[in-house]
Every structure is written in C-alpha cells, then in structure tokens.
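Contents: one structure, followed by commentary.
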Amino acid sequence: MKKIFFIITITLFSLNSFFAQTKNAVSSTSEPQNVFSKSYDYVNDFEKILSPSQIATLKNTLKSCETSSGHKIILVTTPSIKPYSDIPEYSLDLNTYLANNLKLNTAVLIVFSKELRQIQIQGSDQVRNTLNYDETKDIISSYALPEFKKGDFYKGLEESVSEIIKKIK
C-alpha cells in the first residue's frame, strides 16, 4: 500500500514539473514591458553624458516651459534601444508607455543616444500644428548635429530644446 502511494505521489510531482511554465517562457513574454524605466522626469540621462549642473539647468528650462505654455517636454538619453531596431520605433513606444502606464502627457519627447549616434524628436498631436516633421528635422540638422559633431552634447540638446520651446509657445 505504501509502495502504491509512493508511486502515485512521484507520478503527480513529475507531471507537475512537466507541465509547469519555465522561467524562460515567462520572462520572454514580459520582456518588452520591462524595457522602459519605472519613472521619468524632465531630463533622464540614462547614458550619463550630462553633468549634474547641466541636468539641473535643462530640467529648470523644461519645467518653466511647462508652466508657461502647458506643454511638457521630456528628454531621454539612452545607450541602447534593444529590443528595438530603430530609434523612431523606440521613441513612439516610449511615448505610448509614458501616456498609458505613467500617465505623463508629453507634448514633445526627445530621445538621444550618443552610443548609437541617433536623435529623435517625437511630437504629440497637441503640437503637431506648430511642430511638424520638417521643423523637427530642421531643428536636429541646424541646432543639434553641429554641436554633437563638436562633442558638445549638452549645448546641442540645450539649443534644440530652446528652439522647440520657441516653436510651441
């Protein structure tokens, strides 16, 4: 009797481990949700290319823009956009994540990667009339890229932000 009970118990435990989900299966389906940070501020220097004083200056500029115009601008620097293949797709999903998950209503999202040598300015529907694709392209080529080529990432970001603020006010 003990033998039969032991065999049934072993069989049940082995079936349970056979049909149970493995850790790899669970993590592969939840990976895209964990790509973005849990919180975002006006300036998010995940790539660590700005000094604390530069971050504070940019943050104050962006905060005063939101106070005066009602449009929130968020700046994100990132060393990697994995699992995404291009920065426009990454910034679009990040903007959606900010709106849906963190309830941040951003008018403009600036995503920059020194490592990948890419920048994207993502405007929302709120500012589409005042800041369209051609204007963002012009801001990047006229204000950001010349400074980035010199290695002055802060000045490129600062001038781009200033120009965006002028356009959306």
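The values are calculated or read from the model by the stated rules, or taken from the named source; none is laboratory data. If you're wondering where the values come from, they're calculated on a predicted model, not measured in any experiment. Here Cβ is always computed from backbone atoms with ideal geometry, including for glycine, and neighbour counts include all displayed protein chains. The area values use the complete protein model at the heavy-atom level, side chains included, leaving out ligands, DNA and RNA. Shrake-Rupley method; radii C 1.70, N 1.55, O 1.52, S 1.80 Å.
Please calculate how many Å² of accessible area the stretch 41-102 carries per residue, with a 1.4 Å probe and no DNA, RNA or ligand atoms counted.
Numbers: 2970 Å² over 62 residues.
Using a 1.4 Å probe on heavy atoms only, each residue of the stretch 41-102 averages 48 Å².
For the stretch 49-169, what is the number of Lys pairs with C-alpha distance below 15 angstrom, counting only pairs 8 or more positions apart or on separate chains?
14
With labels modelled as points extended 7 Å from the Cα through the Cβ direction, what inter-label distance (nm, one decimal) is found for Leu102 paired with Gln118?
Taking the simple label geometry, Leu102 and Gln118 are separated by 1.9 nm.
So how far apart, in nm, are the two label points at Ser69 and Ser141 if each is 7 Å from Cα heading toward Cβ?
Modelled inter-label distance: 2.2 nm.
Between the alpha-carbon centers of the stretch 103-155 and the stretch 41-69, tell me the distance in whole angstrom.
14 Å
Per residue, how large is the accessible surface of the stretch 129-169? Use a 1.4 angstrom probe and give square angstrom. Provide the component values of the computation, followed by the final result.
Numbers: 2370 Å² over 41 residues.
Value returned for the stretch 129-169: 58 Å² of accessible area per residue.
Return an integer: the convex hull volume of the alpha-carbon atoms of the stretch 108-156, in Å³ per residue.
On the way: hull volume 3.5 nm³, N = 49.
Here the figure is 71 Å³ per residue.
Tell me, what is the 1.4 Å probe accessible area of Tyr154, in Å² to the nearest 10?
Approximately 40 Å² for this residue.
Considering only protein heavy atoms and a probe of 1.4 Å, how much of the accessible area of the stretch 32-161 is carbon and sulfur, as a whole percent? Walk me through the intermediate numbers first.
Numbers: 3250 of 6900 Å².
Of all accessible area on the stretch 32-161, carbon and sulfur atoms account for 47 percent.
Sort all Cα-Cα distances of the stretch 23-166 into consecutive 5 angstrom bins from zero, then give the percent of pairs in each bin up to the one containing the longest distance.
2, 9, 20, 23, 22, 14, 5, 3, 2, 0
What residues qualify as long-range amide H neighbours of Asn44, i.e. H under 5 Å apart, gap of 5 or more or another chain, H built at 1.01 Å from N?
The list, which skips near neighbours in sequence, is Leu75, Val76, Thr77.
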